[in-house]
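This report concerns only the one structure given below.
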Amino acid sequence: MNDPFDTTINEPPFDASEVDHLLFSVDRSRATFAWKVAGLSTGALHRRSVPSTDMTLGGLLKHLALCEDRFVAEFLRGEPYPEPWRSVEESPWDWCWTSALDDTADELYALWSTSVTRARAAWLDAIGDGGLDQPAKLEFDGNHPTLRRALVDLSDEY
């Protein structure tokens, strides 16, 4: 599953490894999300949802692109966020929701697709270099979650 907008769900065998099941779980969530937002116009992606005045599907696309990039940068690599997040002067967590109104559907789809493609490769590399039990780069109160925990958290974002 290389194209983030490919909504084909290829389930692993029932006896597949834990890694295969966890990666499948994230990809199934991505595919479900893609199925729900793919092909919407810029106007549809900008439409605000009631009762929220800030929530749009475009904002959600941009938020999930940020989540994908965050897990790669903070948990897997211990490096700064990539663009466009790195250049944002305010919190990217606030900016992604409001700035999505300035983006076209094509720009939002491309941003999410690029982030997912980058994240898929980074997860495969990180897990291949030490498995799910290795500590993530990010530290919380002197502790590091495992990559397993980070992958589960990414899945929960969807």
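The values are calculated or read from the model by the stated rules, or taken from the named source; none is laboratory data. Given the structure is predicted, the values throughout are model-derived calculations rather than measurements. We place every Cβ from the backbone using ideal geometry, glycine too, and count neighbours over all the protein chains shown. What goes into the accessible areas is simple: the full protein's heavy atoms, side chains included, and nothing from ligands, DNA or RNA. Shrake-Rupley method; radii C 1.70, N 1.55, O 1.52, S 1.80 Å.
Measuring with a 1.4 Å probe in the full set of protein chains, what accessible area per residue, in whole Å², belongs to the chain?
54
Sorted by packing (mean other beta-carbon atoms within 10 Å per residue), highest first, where do 94-101, 4-11 land?
94-101, 4-11
Would you please name the GluC sites (Glu not before Pro) within segment 1-109 that are DSSP coil residues with at most 11 other C-beta atoms within 10 Å of their C-beta?
Those satisfying the criteria are E89, E90.
Tell me, what is the Rg over Rh of the chain, with Rh the Kirkwood radius over Cα pairs? Could you put the intermediate results ahead of the total?
Values: Rg = 16.0 Å, Rh = 16.4 Å.
Taking Rg over the Kirkwood Rh, I get 0.98.
Whenever you get a sec, compute what percent of the accessible area on the chain sits on carbon and sulfur atoms (1.4 Å probe).
After summing per-atom areas, the C and S share lands at 50 percent.
Quick one: in segment 1-85, what % of C-alpha pairs are over 21 Å apart?
46
T146's amide H: which non-local residues (gap 5+, or another chain) put their own amide H closer than 5 Å, with H modeled 1.01 Å from N in plane and none for Pro or chain starts?
A136
Using +1 on the beta carbon of Lys and Arg, -1 on that of Asp and Glu, and nothing else charged, what's the dipole of the chain about the Cα centre, debye to 20?
Working: 14 positive and 28 negative charges, 69 e Å.
Approximately 340 debye in magnitude.
Quickly estimate the mean residue ellipticity at 222 nm for the chain, helices only: each DSSP H run with n ≥ 4 gives -39500 (n - 2.57), and the total goes over all residues, rounded to 500.
One gets -16500 deg cm²/dmol as the mean residue ellipticity at 222 nm.
I'm a student and want to see the number: the projected area of the Cα convex hull of segment 81-144, averaged over all directions, in nm².
Numbers: hull surface 23.3 nm².
For segment 81-144, averaging the hull's shadow over all directions gives 5.8 nm².
Taking the Cα centroid of segment 1-66 and of segment 110-153, what is the distance between the two, rounded to the nearest whole Å?
Cα centroid of segment 1-66 versus Cα centroid of segment 110-153: 18 Å apart.
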